[in-house]
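Below is one structure, written out as C-alpha cells, with a few remarks after it.
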Amino acid sequence: MDTQELTRQVKDKARSLGFGLVGITHPEPPPHLDVYQRWLALGRHGAMDYLARPDAMSRRRDPRAILPECQSILVLGIPYSNPQSQLAPAAKGPLGRVAAYAWGDDYHELLKARLRALADFIEEAAGQPVPNRWYTDTGPILERELAQRAGLGWIGKNSMLINPEQGSYYLLAEILLGIELAPDEPLSTDHCGSCTRCIEACPTDCILPDRTLDANRCISYLTIELKTEIPLELRDQLGEWIFGCDVCQVVCPWNERFAADAGEPAFSPRAGLPWVDLEAELKLSPQDFNAKFKGSPVKRAKRRGYLRNVAVALGKAGQAGSLSTLSDCLFSEEEPLVRRHAVWAIGQIGGDRAADVLREAAAIEEDAEVRDEIQSALAALAE
C-alpha cells in the first residue's frame with residue numbers, strides 16, 4: 001500500500017473512532033521550544049515540577065528521543081460538550097461549577113482503548129509491525145504545537161488550540177509512528193486578530209502576552225493541580241468554579257460561532273453535573289466522594305482539594321444560610337486543608353454568628369495553620 005492510501009485509511013479509521021480532528025506531522029523538533037523553556041524559567045508552571053524534569057525536556061526537544069524509529073506523528077482531537085449547553089438550574093442554595101471536559105468519564109481511560117485500537121489498525125493496514133507510542137495529556141511532548149503543525153488549528157491568545165471550523169472544545173492525543181504517513185500542511189494563520197475577549201474575561205488575569213498562562217493564577221491550576229492552600233488574594237476570584245474553568249473558551253468568538261453543543265457521548269454530563277449543590281457537596285464523606293466521582297476526571301483533585309474548592313466557592317457566594325454547613329465542616333472535617341478554607345468562607349459571610357463560630361473553633365483547633373486562619377478571619381471581621 002502506498003503512503004497516500006495508508007494515510008487515507010488511517011484518517012478514516014480515526015474518525016470512525018470518534019476523533020473529530022485528525023492530522024499528521026513529522027517528528028522534527030518543535031520550533032517554539034524556547035517559549036516553553038522561558039515559561040519554566042519564570043516559574044509559571046507553579047508546583048508542577050514534573051514539567052521541568054531534564055529527562056522530559058530532552059524528549060520534548062525531540063520526539064525521536066521517545067521513539068527513535070518515529071517517522072510520523074498522528075495528532076488527534078476528540079470533542080467534549082460545549083459549556084454553554086448546560087445552563088445553571090434553579091436552586092435554593094449556592095451552586096458550584098465544573099469545567100465541561102470533566103462532566104463525564106475520564107478521557108485518559110476512554111482514549112487508551114481507542115488509541116490502542118487505532119495503533120493496531122495501522123499495523124494491520126500496513127501489513128507489518130509498526131513501532132508506536134501514544135499519549136493523551138500524559139507524555140513529554142508539546143501537543144498543541146504538534147497539533148498546529150499537523151494543521152488542526154492555531155494556538156490562540158488563551159493558549160488553547162483553536163480549529164477555525166469547530167472551535168476549541170477538544171481533548172488532544174498523539175500517536176508516534178515508526179512508519180511514513182503523508183503530513184498535513186501546518187495552519188500558520190493567526191485568526192485571533194485584534195480580539196482580546198479571553199484576556200479581558202479571565203477572572204484572575206492569568207493570560208500572558210506570549211500566548212501562555214501563568215499557572216500560579218489560573219483557576220484550572222488552582223482547583224486541580226495545586227495541592228496546598230489557595231493563595232488568599234486569589235480566593236474570591238475563583239467565583240463558582242470548583243474544578244477547572246471554561247471562561248477563556250466560552251467568550252471566544254470561534255466557539256460562539258462554530259462549537260457544537262454535544263461532543264463525545266462518554267463526556268456527557270453525569271447526574272449532578274456540571275452544576276453542583278455546594279452545601280451538599282461539602283458534606284461528601286470519603287466514601288461518597290469516591291463513589292460519586294469513580295471514573296471521573298474530578299478525582300484528580302482528590303477529596304481534600306475538591307472540598308477546599310467547594311468551601312471557597314461557598315465563601316464567594318456569601319450566603320448566610322451556608323453558615324451552618326460551613327460550621328459543621330469546621331468542627332467535624334478531618335482534613336486541615338478543608339477546615340482552613342472553611343474558616344475563610346465563614347469570614348467572608350461575616351456577622352456576629354460567624355465570629356462566634358470562629359471563636360469557638362479557636363478554642364479547640366489543634367492545627368497551627370487552621371488556627372492562624374481563624375485569627376486572620378477574626379481580625380478582618382473586627383475591622
Checklist entry - For segment 73-189, what's the relative contact order in percent, using C-alpha pairs closer than 8 Å and at least 6 residues apart? => result 39
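Please go through segment 295-383 and write out the chymotrypsin sites (Phe, Trp or Tyr not before Pro) that DSSP classes as loop and that have at most 13 other C-beta atoms within 10 Å. Don't skip to the answer; put the middle values down first.
Working: sites: Tyr306, Phe331, Trp344; in loops: none.
For chymotrypsin sites (Phe, Trp or Tyr not before Pro) across segment 295-383 that sit outside H, G, I, E and B with at most 13 neighbouring Cβ atoms in 10 Å, the list is empty.
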Next on the checklist: Net charge around Gly104, counting only other residues with Cβ within less than 9 Å of its Cβ (Lys, Arg = +1; Asp, Glu = -1)?
Outcome noted: -2
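Report in % the part of the accessible area of segment 241-383 that belongs to carbon and sulfur, leaving out ligands and nucleic acids; probe 1.4 Å. Numbers along the way, then the final one.
Values: 3010 of 6420 Å².
Within segment 241-383, the accessible surface is 47 percent carbon and sulfur.
How high is the relative contact order of segment 210-358, in percent, counting Cα pairs under 8 Å that sit 6 or more residues apart?
Details: 143 pairs, mean separation 39.4, N = 149.
Worked out over segment 210-358, it gives 26 percent.
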Checklist entry - Where is the GNM fluctuation largest for the chain (alpha-carbon springs, 10 angstrom cutoff): Gln128, Gln166, Gln71? => result Gln128
Checklist entry - Under a Cβ-Cβ limit of 4.7 Å, which cysteines in the chain have nobody to pair with? => result Cys70, Cys192, Cys195, Cys202, Cys245, Cys252, Cys329
Checklist entry - What GluC sites (Glu not before Pro) does segment 258-338 have in DSSP loop regions with at most 11 other beta carbons within 10 Å? => result Glu334
Checklist outcome for this item: Quick note, segment 40-151: a/c under 1.5 would make it rounded; otherwise a/b > b/c is prolate and the rest oblate (a ≥ b ≥ c, C-alpha gyration tensor); here it is oblate
Checklist entry - Taking a label point 7 Å from the Cα of Glu383 along the Cα→Cβ vector, which residues of segment 325-346 have an amide N closer than 17 Å to it? => result 344-346
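Would you mind telling me the share, in percent, of accessible area of segment 120-226 contributed by carbon and sulfur at probe 1.4 angstrom? Don't skip to the answer; put the middle values down first.
On the way: 2070 of 4360 Å².
Heavy-atom surface of segment 120-226 belonging to carbon and sulfur, 1.4 Å probe: 48 percent.
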Item to check | Where GluC sites (Glu not before Pro) fall in DSSP loop in segment 162-267, at most 14 other Cβ within 10 Å | outcome: Glu165, Glu180
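Student exercise: in the chain, how many lysine pairs 8 or more apart or on different chains have Cα atoms under 14 Å apart? List each step's numbers first, then the result.
Working: Lys227/Lys299; Lys227/Lys302; Lys283/Lys292; Lys292/Lys302; Lys294/Lys302.
Lysine pairs meeting both conditions in the chain amount to 5.
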Checklist entry - What residue among Leu142, Leu74, Leu326 has the largest mean-square fluctuation in a Gaussian network model of the chain, using Cα springs under 10 Å? => result Leu142
Checklist entry - Relative contact order of the chain: what whole-number percent is it, with Cα pairs under 8 angstrom and at least 6 residues apart? => result 20
Checklist outcome for this item: Once phi for every residue in segment 12-17 is put through the Karplus expression 6.51 cos²θ - 1.76 cosθ + 1.60 (θ = phi - 60°), the whole-Hz ³J(HN,Hα) values, with Gly and Pro written as x, are 4, 5, 4, 5, 5, 8
Checklist entry - Using a Gaussian network for the chain with springs between C-alpha atoms less than 10 Å apart, which of these wobbles most: Leu172, Leu42, Leu152? => result Leu42
Item to check | Shape of segment 230-319, Cα gyration tensor, a/c cut at 1.5 | outcome: oblate
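Classify the chain: rounded, prolate or oblate, from the alpha-carbon gyration tensor (a ≥ b ≥ c, eigenvalue square roots; a/c under 1.5 rounded; otherwise prolate if a/b is larger than b/c)? Display every interim value, and only then the final one.
Values: a/c = 2.20, a/b = 2.08, b/c = 1.06.
It comes out prolate by the Cα gyration axes.
Report, for the chain, the % of DSSP beta bridges that are antiparallel, rounded to 5. Please list the in-between numbers first.
On the way: 24 of 26 bridges.
Just about 90 percent of them are antiparallel.
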Checklist entry - How much solvent-accessible surface does Ile374 expose, in Å² to the nearest 10, with a 1.4 Å probe and all protein chains in place? => result 0
Next on the checklist: Nearest 500 deg cm²/dmol is fine: what mean residue ellipticity at 222 nm does the chain get from its DSSP H runs of n ≥ 4 alone, each adding -39,500 (n - 2.57), divided by its residue count?
Outcome noted: -12000 deg cm²/dmol
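In Å², and per residue, what accessible area does the chain have when probed at 1.4 Å with the other protein chains present? Provide the component values of the computation, followed by the final result.
Details: 16980 Å² over 383 residues.
Heavy-atom accessible area per residue stands at 44 Å².
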Checklist entry - Share of segment 18-107's accessible area from carbon and sulfur, percent, 1.4 Å? => result 53
Next on the checklist: Which residues does the label zone of Gln71 cover in segment 2-35, counting backbone N under 15 Å from a point 7 Å along Cα→Cβ?
Outcome noted: 2-8, 10, 25-28
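The values are calculated or read from the model by the stated rules, or taken from the named source; none is laboratory data. Keep in mind that this is a model prediction, so the values were computed, not measured. Reconstructed Cβ throughout: ideal geometry from the backbone, glycine too, with neighbour counts over all protein chains shown. Only protein heavy atoms, including side chains, enter the accessible area calculation; ligands, DNA and RNA are left aside. Shrake-Rupley method; radii C 1.70, N 1.55, O 1.52, S 1.80 Å.
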